[in-house]
Structures are given as structure tokens and as C-alpha cells.
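Q: I am attaching a structure below and will ask some questions about it afterwards.
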Amino acid sequence: LVLGADGLFYGTASQGGSNGRGVVFRIAFDGSGFQVLHHFGATTNDATTGLPENADGATPLGGLADGGDGFFYGATSQGGTDGYGVLYAIPADGSTFTVLHTFNDANGSRPLAELMVAANGKLYGTTSSGGVSSAGATTTFGTLFSIDRAGTNFTRLYSFDGAIGSLPVSRLLEISSGVFVGAAGNAGNCSYGTVFRYST
């Protein structure tokens, strides 16, 4: 959960809702005023990949990031037009829902952790799978990315390669301007994951 400027808690559920694919909700500290702000859409499995696809994403496994601009930002681990998940923005009143980016595997897939709003105003995050190798082939080790809050200038900053870890699962922390740390859940020298640092 994240505490909004209005004193309400905002969060996500990975299942349930009118389509069974999760919701965005808010609730007061005392448990009153529970309100679903967005029901993620029903999905249809792609005939080739078998991935669940829709317009707005499905199965949000991470929470929300408060942009401090009246919007909350999040990610879904599935859904979107390619089935690999999306990034989205939603205002505190839930009046609109905007897909900022749809993952396509090469630029990342299955984001699991919350986004982070950096000091430069951009959103930063990780995907648990996807990315590309040095030879340009799609991989499954995960990525680190940035995107403007308007949904523009998406950049895959780094593709994990296994040696420095794979399956990044943690929210990033900005320890100084443009320097981030996080954790990967697999691979590395001992095959049990890594703690990593990335500098822009």
C-alpha cells in the first residue's frame, strides 16, 4: 500500500474484480470508504504464445508509486496487447486509466515490483524477464528501464545476463542522483541471486 496526500491508502489486488484479473483500490486508515478505482479487463489467450492479452493489463503483482502529481503509477505482470504486461497511470479519484507502455519481451516482460519516482522525475523499474543479449537475441533474464510519467521516452537501460543476476524482483532505491540499487532473485556467481547497483 502507499499513503496518498489525501490520507487514504492506495493499492492493488492481483486477482478478483469484475473480470478476475485484479483491481486498483483505495481505503481509509480505519477501513472505511473502500473503493475500487479500476477493474483490469478480461483477457484472451493468444493463439500462438498462449499469453493472456487485453488492452489495459492484468495481474498487478506490485503496488503503486505516488507521483506527487495527483497520479499513481503501477505495472501489471500480464496482459497488454502482447501479453507481457503494461505500465499505467491512474489519478487519485480513478476517473481515468492510462496505459503508458506495453511490454513486448525484448524491452522486458512480467514486471513484478513497484515503480520508483526518481529525483529527475522519471519512473524507473525492472522486469523479471525479457531483455536482449549482446547479440540482439531476446533473453529471459530481465531488464531495468526508465520512462517519462507522460508515457514517452521509454528506455531499456540494462538487460540482465545471468552473471550479474536474473529475475530482478525488488523495487529500486535511488541512493544518490542517478544511482540505483536493487536485488535479483536468481543467478549470479552462486546462482542464488544478487544485489546490484546501476548508474545512469
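Here, each number is a calculation from the coordinates, and none is a lab measurement. All of these numbers come straight from a predicted model, not from anything done at the bench. Here the Cβ positions follow ideal geometry from the backbone for every residue, glycine too, while neighbour counts run over all protein chains shown.
Q: For the chain, set up a GNM with springs between Cα atoms under 10 Å and report which of Gly41, Gly80, Gly185 has the largest fluctuation.
A: Result: Gly185 has the largest fluctuation of those listed.
Q: By the scheme Lys and Arg +1, Asp and Glu -1, what is the net charge of all other residues having a beta-carbon under 12 Å from that of Glu53?
A: Neighbour charge sum, excluding Glu53 itself: -2.
Q: Here's another thing I want to ask about it. Phe34 to Asp161: FRET efficiency via 1/(1 + (r/R0)^6), r the Cβ-Cβ distance, R0 41 Å, to the nearest 0.05?
A: 0.40
Q: What do you get for Rg/Rh of the chain when both radii come from the Cα atoms and Rh is the Kirkwood radius?
A: 0.97
Q: Here's a follow-up. Ranked highest first by the average count of other Cβ atoms within 10 Å around their residues, in what order do 148-154, 6-12 fall?
A: 6-12, 148-154
Q: Across 10 Å bins from the origin, how do the percents of Cα pairs in the range 1-100 run, short distances first?
A: Answer for the range 1-100: a P(r) of 18, 50, 25, 7, 1 percent.
Q: Using a Gaussian network model of the chain with C-alpha springs under 10 Å, which one of Thr127, Thr96, Thr48 is most mobile by mean-square fluctuation?
A: Checking each option, the largest mean-square fluctuation is seen for Thr48.
Q: A follow-up question, please. May I ask you to order 132-142, 50-60 by the average number of other C-beta atoms within 10 Å around their residues, highest value first?
A: Answer by packing, highest mean first, reads 50-60, 132-142.
Q: Choose one answer from Ser18, Ser109, Ser129: the residue with the largest mean-square fluctuation in a GNM of the chain with alpha-carbon springs under 10 Å.
A: Of Ser18, Ser109, Ser129, the Gaussian network model singles out Ser18 as fluctuating most.
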